[in-house]
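> A single structure is presented below for examination.
Laboratory data are not the source of any read-out in this text; all were calculated from the coordinates shown. This is a predicted model, so every value here is computed, not measured. Because the Cβ atoms are built from the backbone with ideal geometry, glycine has one as well, and the counts that use them run over all protein chains shown.
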Amino acid sequence: MTRITASAPGKLVLLGEYAVLEGAPALVLAVNRRAHVRLADSVGGDWEIVSPTLELAACLPARGDVDARREGVPGELAWVAQLLGEFGRGEALPPCRVELESNAFYFEHAGARAKLGLGSSAALTVALLGALHARANRPPVSLDTAIAAHRGIQHGRGSGIDIAASLVGGLSRFQLEGDAAHVAPLAWPSGLHWRCVYSGRPASTGAMLAAVAAWREREPAGYAQGMHELATISSRGINALAASDAAAFLSSFHAYADALARFGESAGVDIASREHRAIAAIAADCGCVYKSCGAGNGDVGITLGVEDGRLREFARRASRAGFPVIDLSTDPAGLAVASVA
């Protein structure tokens with residue numbers, strides 16, 4: 001068969017964390033850490049799933065009940081078996097070797113390999129879907145199709161914002177309206193610079209979302225008030241960005257970081273963790289603005305500034321304080337698929 005390769009970028013959520021789940025507009029940036037998927041002939045006639053990144057492999061029989069076929073598949077690769085089962089439902093999809101590589105989403109920190117919170121799961125999902133669509137001669141992957149597949153893997157959770165970034169690349173406005181997701185490209189303001197920082201510890205997005213959901217059940221009025229504040233600030237920031245008003249965008253970015261910290265306090269979760277607060281203090285001292293990206297409590301954050309010299313000083317001071325600055329840039333390309341005879 002023709003070998004197929006596909007890749008998709010990771011992401012940083014700049015505005016709209018949590019509020020995006022309630023229909024607020026959010027801002028997401030695709031970054032140049034890409035996940036790669038390769039499809040090739042299967043030697044034994046069954047599906048072969050290989051992850052060099054995780055040093056894991058599994059065999060998925062081509063025939064038989066879907067659930068029975070998944071037996072023996074390592075937990076970290078179970079999502080692949082699920083996606084293949086759903087994708088092949090209703091049509092014959094010849095088995096092949098599936099190689100998944102996401103090394104770019106890890107780096108060495110404090111003598112151990114740390115996983116960056118840049119959306120590797122979404123990037124791998126989008127890349128695998130792109131490769132499978134090409135192999136089955138289907139039309140290109142749509143946003144709704146990719147989001148539905150990823151939610152199936154994530155037990156119904158997630159807004160799909162990370163999927164959107166991996167699929168389309170660049171800087172985007174993302175919003176849920178009922179069952180539909182909408183994404184629109186935006187331009188980065190001229191003269192505005194950024195650096196990504198690792199907080200020093202990973203975070204569990206699922207645990208944070210569960211805690212916020214429990215707060216919603218416990219105190220619906222407080223939850224609604226917090227969500228309204230986040231949604232209002234996110235909308236204001238995105239409108240400023242669309243108007244190329246860097247100063248107003250920075251103001252909203254700073255306001256969202258503060259509101260997100262209050263939101264976490266009210267929910268009883270430490271979104272603005274001790275590490276994030278320490279990084280924010282360094283950024284403020286350097287004349288920059290910082291906020292965590294995503295669910296918070298750990299993983300990565302982003303610092304913005306209008307003078308690159310100030311950001312360089314921030315990077316030096318953050319690194320000395322034990323918070324590595326991650327070498328990232330915007331990835332203008334989303335999903336990329338190629339066939340090799």
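> Could you grab the relative contact order for the chain? Cα pairs under 8 Å, six or more apart, rounded to a whole percent. All intermediate terms of the calculation are to be shown ahead of the outcome.
Working: 707 pairs, mean separation 87.7, N = 341.
About 26 percent, as a whole number.
> Separate question: Out of the DSSP beta bridges found with both residues in the chain, what percent are antiparallel (nearest 5)? Intermediate results must be reported in sequence, preceding the final value.
Values: 55 of 58 bridges.
Roughly 95 percent of the beta bridges in the chain run antiparallel, per DSSP.
> Percent relative contact order of the stretch 193-326, based on C-alpha pairs within less than 8 angstrom and at least six residues apart? All intermediate terms of the calculation are to be shown ahead of the outcome.
Working: 199 pairs, mean separation 51.1, N = 134.
It comes to 38 percent, rounded to a whole number.
> Mean residue ellipticity at 222 nm from the helices of the chain, using -39,500 (n - 2.57) per DSSP H segment of n ≥ 4 over the full residue count, to the nearest 500 deg cm²/dmol? Don't skip to the end; give the middle numbers.
Numbers: 10 runs with 133 residues, N = 341.
Per the formula, -12500 deg cm²/dmol.
> Which one of A281, S319, A224 is farthest out on the positive end of the charge dipole of the stretch 193-326, using unit charges on Cβ (Lys, Arg +1; Asp, Glu -1) and the Cα centre as origin?
It is S319.
> Could you state the per residue volume, in Å³, of the convex hull enclosing the Cα atoms of the stretch 93-159? It would help to have the intermediate numbers written out before the result.
Numbers: hull volume 7.8 nm³, N = 67.
Per-residue hull volume (Cα only) is 116 Å³.
> What would the Debye equation give as log₁₀ I(q)/I(0) for the stretch 193-326 at q = 0.13 Å⁻¹, counting only Cα atoms as equal point scatterers?
-0.56
> Only Cα pairs under 8 Å and at least 6 apart count here; give the relative contact order of the stretch 77-164 as a rounded whole percent. Don't skip to the end; give the middle numbers.
Working: 52 pairs, mean separation 21.2, N = 88.
RCO, the stretch 77-164: 24 percent.
> Provide Rg and Dmax in Å for the stretch 133-220, with only Cα atoms included in the calculation.
My reading of the Cα-based Rg and Dmax gives 16.6, 49 Å.
> Sticking with this one: Could you calculate, for the stretch 25-166, the ratio of the Cα radius of gyration to the Kirkwood radius, expressed as Rg to Rh? Each step should come with its number before you reach the end.
Details: Rg = 15.3 Å, Rh = 15.9 Å.
With Rg and the Kirkwood Rh in hand, the quotient comes to 0.96.
> Further, regarding this structure: Using a cut-off of 15 Å between beta-carbons, work out the net charge of the residues near S339 (Lys and Arg +1, Asp and Glu -1, S339 not included).
Working: positive: R3, R38, R135, R138; negative: D41.
With Lys, Arg at +1 and Asp, Glu at -1, the net is +3.
> Between R113 and R317, what FRET efficiency follows from the Cβ-Cβ distance if R0 is 35 Å, with the result rounded to 0.05? Provide the component values of the computation, followed by the final result.
Numbers: r = 25 Å, r/R0 = 0.72.
Approximately 0.90, to the nearest 0.05.
> Another question, if that's okay. How large is the charge dipole for the chain, taken about the Cα centre, if only the Cβ atoms of Lys, Arg (+1) and Asp, Glu (-1) carry charge, to the nearest 20 debye? Show your work: numbers first, answer last.
Numbers: 31 positive and 34 negative charges, 102 e Å.
Using only the charged Cβ atoms, the result is roughly 480 debye.
> Residue by residue through the stretch 7-19, what is 3J(HN,Hα) from phi via Karplus (6.51 cos²θ - 1.76 cosθ + 1.60, θ = phi - 60°)? Round to whole Hz and write x for glycine and proline.
9, 8, x, x, 8, 10, 7, 8, 9, x, 3, 6, 4
> What order do you get for 254-267, 122-135, 208-221, 188-201 when each peptide is scored by the mean count of other beta carbon atoms within 10 Å, highest first? Working shown, then result.
Values: 254-267: 20.1, 122-135: 26.2, 208-221: 14.7, 188-201: 18.3.
Ranking the peptides 254-267, 122-135, 208-221, 188-201 by packing returns 122-135, 254-267, 188-201, 208-221.
> For the stretch 284-303 and the stretch 104-118, what is the centre-to-centre distance using only Cα atoms, to the nearest Å?
About 18 Å separates the Cα centre of the stretch 284-303 from the one of the stretch 104-118.
> Same structure, new question: How big is Rg to Rh over the chain, alpha-carbon atoms, Rh as the Kirkwood inverse-mean-distance radius?
0.98
> Here's a follow-up. Over 5 Å intervals from 0, what percent of Cα-Cα pairs in the stretch 153-266 sits in each interval?
Answer for the stretch 153-266: a P(r) of 2, 9, 14, 19, 24, 18, 10, 3, 0 percent.
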